[in-house]
Amino acid sequence: MKAENVSFGIKALTAGRKNTPAADAKKDFAGWLSDKLGKVDRIQKQADAAARDLIVGRSQDLHETMLSIQKAEISFRLLMEVRNKLISAYEEIQRMQF
């Protein structure tokens, strides 16, 4: 197989791509992170609404309200742990010498 054929095949496979794989990975991670932040935000807002409804008397379901609040707390704690791991990994990369 000639080298020209291989390079032509690679160009044909990547012709539709506008970004490099590294750029795609950055966008995928950024999109994933943004999605998870939005999900945690929605859970927090749902817990706030459930607590507000219980306080003003629109809801009598204390059990569901407490579950909603606990779910929000756990999701926020998980988000903070992911943030801490990301910061730790970033700091470790900064300490590396090239």
Exercise for review: Report the label-to-label distance for Ile93 and Glu73 in nanometres (one decimal), using points 7 Å from each Cα along the Cα→Cβ vector.
Suggested key: 3.4 nm
Point to revise | Residue exposure sequence - Ile43, Ile55 - by fewest surrounding Cβ within 10 Å | key: Ile55, Ile43
Review point. Stretch Gln46-Lys85 to full length: gain in nm at 0.36 nm per residue minus the Cα-Cα span?
Key: 11.4 nm
Revision key, fill the gap. The answer for Ser59, listing residues at least 5 apart or on another chain whose modeled amide H is closer than 5 Å to its amide H, is Leu54
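The numbers here are math on the coordinates, done by the rules we state, and not lab data. Just so you know, these numbers come straight off a predicted model, no measurement behind them. We place every Cβ from the backbone using ideal geometry, glycine too, and count neighbours over all the protein chains shown.
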